[in-house]
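**Q** Starting off with a structure, shown below.
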Amino acid sequence: MKNKQKPEIQFEKNKENWKEIKAGSIFYSISDKNHPNLPVLSASQEKGMVFRDQIGIDIQYNIESTKTYKRVVPGQFVIHLRSFQGGFAFSTIEGITSPAYTILDFKNKEEQDVLFWKNVLSSKTFIKKLESVTYGIRDGRSISFNDFSTLKFVVPNYEAQKRIGSFFKNLDDTIALHQQELDALKQTKQGFLQKMFPKNGETEPVIRFKDFTKPWILKNFEMICESFEYGLNASAKEFDGTNQYLRITDIDDESRTFLKSHLTSPDCNLNSAEKYLLQDGDLLFARTGASVGKTYLYREKDGIVYYAGFLIRGKIKEIYDSEFVFQNTLTSNFKEFIKISSQRSGQPGINAQEIATYSFLVPGHEEQIKIGEFFIQLDEVIDLKEEELEALKQTKKGFLQKMFV
């Protein structure tokens, strides 16, 4: 039976039982409304404290409209108790926030470690505690500060708190560093997409591989693809373990890879659906909705995949390199083409005939392959960094579950 007075994992120097204490003995609520000319902040479980005017909300505000807002200073905690799913945040900046948020600070700062409690209040264990005392309906569940004060936490002494807080800070710093490296890699790719494909009005790219000097030739998708075909008109069912069903929402908006976290299979007789099986080098286009124009290149490593009806498949001719053609669909030129061509009276949409008209400059086959291979290698580095980052995040989640009671 699990010991509720100590976590599964403890530091060697702090292997004593933890003590149970009520939130009201640790925190008090602050309602300081003295806030001349301070920025408006918003709390988020994912992003912490952010300036509202940086995310497009309440850009035009004045003292009169925010006179009931509460002042927040670095080191304080912000919780949306009226709808706790709105998030928890630890403030590192000074500003004001909506009266819907509850501002918490320690009653005795010398006995509590800020970094320790930052992780306690962002853990799933804390969310479960809140759920136990909330009232109201889904997405509108609330908790009063008095009820919050009755919540019980099992915590170690101050020295153990500091060690745990420092441990998670180091882990967070490592995660932040990997995130910065990933962002830099993605920016690097965007830079190469701009410089390795000709811009509008230009006949060759800024950067070319050595020994390639022949001019690029203007082509369109009608010349490059031997056919365009619409996908399978079938609903999705539970994944059968073999036959994967690719829909618009299964294509990652950023990486354009097949998201396999919620796999499904086509709900139809697959014996008559062979023509909807993807083959290596097939290029898919989303033809409707907010993601219109989003593309995906099928590679054999993705396994057995059928594609759905709101996707258009372009069968690229063998004389063209599919990787080169796919990377072209990630350029600003293609995005602008989709933006203009997909305009409809209702939701955005594009058909195969319209896609076929998209024109872009194409080099010789060997140069296409060289460019395609370059982006394959760059994408692999990005994928590896994303995997490392996700592994670190999962490691942190595991420690959050095992280092707190």
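**Q** Compute the Rg to Rh ratio over the chain from the alpha carbon atoms, using the Kirkwood formula for Rh, and round to two decimal places.
**A** 1.07
**Q** If one computes the Cα centroid of segment 317-376 and of segment 228-271, what distance in Å separates the two points?
**A** Centre-to-centre distance over Cα atoms comes out at 22 Å.
**Q** List the GluC sites (Glu not before Pro) in segment 176-262 that DSSP assigns to loop (not H, G, I, E or B) and whose Cβ has at most 15 other Cβ atoms within 10 Å. Which are they?
**A** Counting only loop positions with at most 15 other Cβ atoms within 10 Å, the GluC sites (Glu not before Pro) in segment 176-262 are Glu202, Glu254.
**Q** Against the empirical 2.2 N^0.38 Å scaling, what ratio does the C-alpha Rg of segment 186-252 come to?
**A** Taking N as the residue count of segment 186-252, the ratio is 1.77.
**Q** Now a separate question. Using the Cα centre as the reference, give the magnitude of the dipole from point charges on the C-beta atoms of segment 217-362 (Lys, Arg: +1; Asp, Glu: -1; all else neutral), rounded to the nearest 20 debye.
**A** 380 debye
**Q** Lysines near Lys214 by alpha-carbon distance under 16 Å, same-chain residues fewer than 8 away left out - which ones?
**A** Excluding near neighbours in sequence, the set is Lys370.
**Q** Hand me the trypsin sites (Lys or Arg not before Pro) from segment 198-302 located in a DSSP loop with no more than 10 other Cβ atoms within 10 Å, in residue order please.
**A** Qualifying residues, ordered by number: Lys210.
**Q** How far, in degrees from 0 to 90, does helix 365-402 lean away from the longest principal axis of the Cα atoms of the chain, to the nearest 10?
**A** Helix 365-402 and the main axis of the chain meet at about 20 degrees.
**Q** Mind checking which of Gln347, Val362, Val120 is farthest towards the positive end of the chain's charge dipole, using Cβ charges of +1 (Lys, Arg) and -1 (Asp, Glu) about the Cα centre?
**A** Checked the options; the winner is Val120.
**Q** For the chain, give the share of DSSP beta bridges that are antiparallel, in percent and rounded to the nearest 5; count only bridges with both residues there.
**A** The antiparallel fraction comes to roughly 90 percent.
**Q** Ok, one more. With charges set only on the Cβ (+1 for Lys and Arg, -1 for Asp and Glu), what does the dipole of the chain come to about its Cα centre, in debye to the nearest 20?
**A** Charge dipole of the chain: 1760 debye, to the nearest 20.
Readers should treat all values here as calculations from the given coordinates under stated rules, not as data from a laboratory. Here the structure is a predicted model, which is why all the values come from computation and not from measurement. Cβ: placed from backbone, ideal geometry, glycine included. Neighbour counts: every protein chain shown.
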